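S.K.: Take a look at this one; I'll ask things after.
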Amino acid sequence: MSDSGLPLKGERGGMDKLEQVYQYIDSNQTKFVEELCTLIAQPSVSARDEGVNDCAHLLESMLSGMGFRVATFPTHGHPAIVAEMDGPKDSPTVLIYGHYDVQPPEPLEMWKSPPFTPTIREGRIYGRGAGDNKGQFYAQIAAISSITAVSGGLPVNVKVLLEGDEEQGSPYLADFLREHREQLKADLAYTSDAPIHSSGRPLVIFGVRGLLCIDLNLRGPNRDLHSGNYGGPVPNPAWGLVHLLASMKDAEGNVLVEGFYDDVVPPTLAEREVLKRIPFDPQEVQKSFEISRFEGPEHLSYYEKLMFRPTLNICGLSSGYSGGGVKTILPSTALAKLDIRLVVNQDPDRVFECVKRHLLSLCPDLEVKKIAGVLPSKTAIDHRYAQCAVDAVARVWGEPPVVFPTLGGTLPDYVFTRILGVPSILVPYANPEENNHSPNENISLDCFNKGIKVCATFLYNFASTGK
Ligand SMILES: [Zn+2]
């Protein structure tokens, strides 16, 4: 082998370095599962500060014991852990991100085994955090320790960042990255969270949609009124709000707010090709939701609408009386909650200004409030490091992964692409039915094992691509 620890195919001895690492991973599977179970057994519920600091201490000692340089940093929430291990000089650096906090386990009566008593049955490890995210980031750590055990060192520099507030929406992550930009400097960010594709095929993701949440509040009379005694001359805020909402979108699903689409970037040719290869059965999707049609411009495909177009969604609407029987009132207020999924290069603040300008020009009395905003993020699918991940997954799984240029949902991926300015790739390891955020959360032993191998393979691929 080369002195950088790179695997050289056809090396004397017959087996390449990676095959030796795979063998090591297989023969140490019991040990890795036990270590993961120790982690799961330590509760770390960030929502109510249950065991999170203890979990940080546990991780700190586990990682130091494996030869990482470990530093734990206080944040305004729970500690952030940074563990580093150097590869050869001039080799590239990967920043691996994960989170050690978990969702509350309730409802407890729905669990077949207690959430913090990890239990193995039917080829899966059950327990809160098994898939989201302890099992996935521990797979990365197991890969690193397998490589060092076989090769005596890593082929690249590795920095592992473990957050303790992801399940709270990562409120301190952006600031933490801004303050530790130098220490976290890397050539690529690599994250494993979420399940693989619902078809059971592996998945690689290159971006996420952003998010903008807006509350609208339209006031009418200072109290609910008798609709017979006052209806007619006194304006009804429910109608006012309905007209305002209707002014924002046409029947085809196009948003009519001026400037809304200004910064939207259409898919590249390469991305269009990838979209065509995503498994999709429209009938099956419609059947599963009991709907008879899809919305949005006809000329756009399902996945183009989901990944490359922003949405304007009414997620809540309330006014007046909606109970049983008759209550004839003219309501005093009408409220709507909007969520807008943003795509590259939209900016939540700019889009908010467009929406606000549109609404206030029609109704100056409307209250328009921004509740949340997260930037979208994307890494080019033909980035030179993209193939490192795609090839690693394909080699371990024996089939090419489904490639998502962008996830329909939102994650704080922009902290890597915008704050650190590095490409960012998401490689989910968990099985589709991992039950993340639900009772009976689990990770299959097979997915855990493949996750460890994917990470090991990725690190070697990354090394041979170089800086
Ligand atoms: Zn989660």
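The values are calculated or read from the model by the stated rules, or taken from the named source; none is laboratory data. Note that the structure is predicted; figures quoted are calculated from it, not measured. Note: ideal-geometry Cβ built from the backbone for every residue, glycine included; neighbour counts use all protein chains shown. Keep in mind that these areas ignore ligands, DNA and RNA; they rest on the heavy atoms of the full protein, side chains included. Shrake-Rupley method; radii C 1.70, N 1.55, O 1.52, S 1.80 Å.
S.K.: If you go through segment 140-191, how many residues are within 16 Å of the ligand (Cβ to nearest atom) and assigned to a strand (DSSP E or B)?
M.R.: Initial filter on segment 140-191 (within 16 Å of the ligand (Cβ to nearest atom)): 162-171, 173, 191.
With the extra rule that they be assigned to a strand (DSSP E or B), the set shrinks to 162-163, 191.
So the answer is 3.
S.K.: Would you mind stating whether GLN103 is within 16 Å of the ligand (Cβ to nearest atom), within 29 Å of SER424 (Cα to Cα), open to solvent by 30 Å² or more (accessible area, probe 1.4 Å) and modelled with pLDDT of 95 or more?
M.R.: Details: within 16 Å of the ligand (Cβ to nearest atom): yes; within 29 Å of SER424 (Cα to Cα): yes; open to solvent by 30 Å² or more (accessible area, probe 1.4 Å): yes; modelled with pLDDT of 95 or more: yes.
So GLN103 passes the test.
S.K.: In the list ASP3, ASP54, ASP26, which residue meets the criterion of being modelled with pLDDT under 95, surrounded by fewer than 19 Cβ atoms within 10 Å (Cβ to Cβ), of a type in the set (D, E, K, R) and at negative phi? Give the steps one after another, and end with the answer.
M.R.: On the way: ASP54 fails: modelled with pLDDT under 95; ASP26 fails: modelled with pLDDT under 95.
From the options ASP3, ASP54, ASP26, the qualifying one is ASP3.
S.K.: Identify the single condition in (1) open to solvent by less than 30 Å² (accessible area, probe 1.4 Å); (2) polar (S, T, N, Q); (3) more than 16 Å from the ligand (Cβ to nearest atom) that GLN136 does not satisfy, given that it satisfies every other one.
M.R.: Just one mismatch for GLN136, condition (3).
S.K.: Here is a follow-up. Can you name every residue in segment 177-190 that is open to solvent by 10 Å² or more (accessible area, probe 1.4 Å) and not basic (Lys, Arg)?
M.R.: Initially, segment 177-190 is screened for residues open to solvent by 10 Å² or more (accessible area, probe 1.4 Å), giving 178-183, 185-187.
If the condition is that a residue be open to solvent by 10 Å² or more (accessible area, probe 1.4 Å) and not basic (Lys, Arg), then GLU179, HIS180, GLU182, GLN183, ALA186, ASP187 are the ones that fit.
S.K.: Here's a follow-up. Give me a count of the residues in segment 271-314 that are of a type outside the set (Val, Ile, Thr), open to solvent by 70 Å² or more (accessible area, probe 1.4 Å) and touching a residue at least 60 places away in the same chain (Cβ under 8 Å).
M.R.: 1
S.K.: Within the bounds of segment 392-407, is there any residue that is farther than 24 Å from LYS276 by Cα and touching a Phe, Trp or Tyr at 6+ places or on another chain (Cβ under 8 Å)?
M.R.: No - not one qualifying residue is present in segment 392-407.
S.K.: Can you tell me how many residues in segment 438-451 are surrounded by fewer than 21 Cβ atoms within 10 Å (Cβ to Cβ) and either modelled with pLDDT under 95 or aliphatic (A, V, I, L, M) (or both)?
M.R.: 1
A quick yes/no check of all residues on (1) buried (at least 19 other Cβ atoms within 10 Å of the Cβ); (2) in a helix (DSSP H, G or I); (3) within 16 Å of the ligand (Cβ to nearest atom); (4) β-branched (Val, Ile, Thr):
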position: LYS369; (1), (2), (3), (4): no, no, no, no
position: CYS388; (1), (2), (3), (4): yes, yes, no, no
position: LEU411; (1), (2), (3), (4): yes, no, yes, no
position: ARG418; (1), (2), (3), (4): no, yes, no, no
position: ASN436; (1), (2), (3), (4): yes, no, yes, no
position: LYS453; (1), (2), (3), (4): yes, yes, no, no
position: ALA456; (1), (2), (3), (4): yes, yes, no, no
position: LEU459; (1), (2), (3), (4): yes, yes, no, no
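S.K.: Another one. Taking the criterion of being farther than 24 Å from ARG277 by Cα, open to solvent by 20 Å² or more (accessible area, probe 1.4 Å), polar (S, T, N, Q) and part of a strand (DSSP E or B), would at least one residue in segment 332-355 satisfy it?
M.R.: Yes - at least one qualifying residue is present in segment 332-355.
S.K.: Ok, one more. Give segment 438-451 a look and list any residue that's away from the ligand (no atom under 16 Å from the Cβ) and not hydroxyl-bearing (Ser, Thr, Tyr), or say none. Let's see the steps before the verdict.
M.R.: In the first step, residues of segment 438-451 are kept if they are away from the ligand (no atom under 16 Å from the Cβ); the result is 444-451.
LEU445, ASP446, CYS447, PHE448, ASN449, LYS450, GLY451, listed by residue number.
S.K.: Conditions: (1) without any contact (Cβ under 8 Å) to a residue 24 or more places away in the chain; (2) in contact with an Asp or Glu (Cβ under 8 Å, 6 or more places away or on another chain). GLU179 meets all but one. Number of the miss?
M.R.: Looking at each condition in turn, GLU179 falls short on (2).
For every residue, the table says whether it meets (1) free of Cβ contacts under 8 Å to residues at least 24 places away in the same chain; (2) more than 16 Å from the ligand (Cβ to nearest atom); (3) surrounded by fewer than 14 Cβ atoms within 10 Å (Cβ to Cβ).
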| residue | (1), (2), (3) |
| --- | --- |
| GLU60 | yes, yes, no |
| THR75 | no, yes, no |
| PRO88 | no, yes, no |
| SER91 | no, yes, no |
| VAL94 | no, yes, no |
| TRP111 | no, yes, no |
| PRO118 | no, yes, no |
| GLY123 | no, yes, yes |
| TYR126 | no, yes, no |
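S.K.: For segment 200-242, give me each residue that is part of a loop (DSSP other than H, G, I, E, B) and either open to solvent by less than 70 Å² (accessible area, probe 1.4 Å) or in contact with a Cys (Cβ under 9 Å, 6 or more places away or on another chain) (or both). Walk me through how you get there before you give the answer.
M.R.: First pass over segment 200-242, keeping only residues part of a loop (DSSP other than H, G, I, E, B): 200-202, 206, 209, 220-224, 232-233, 235-236.
Scanning segment 200-242 gives GLY200, ARG201, PRO202, PHE206, ARG209, GLY220, PRO221, ASN236.
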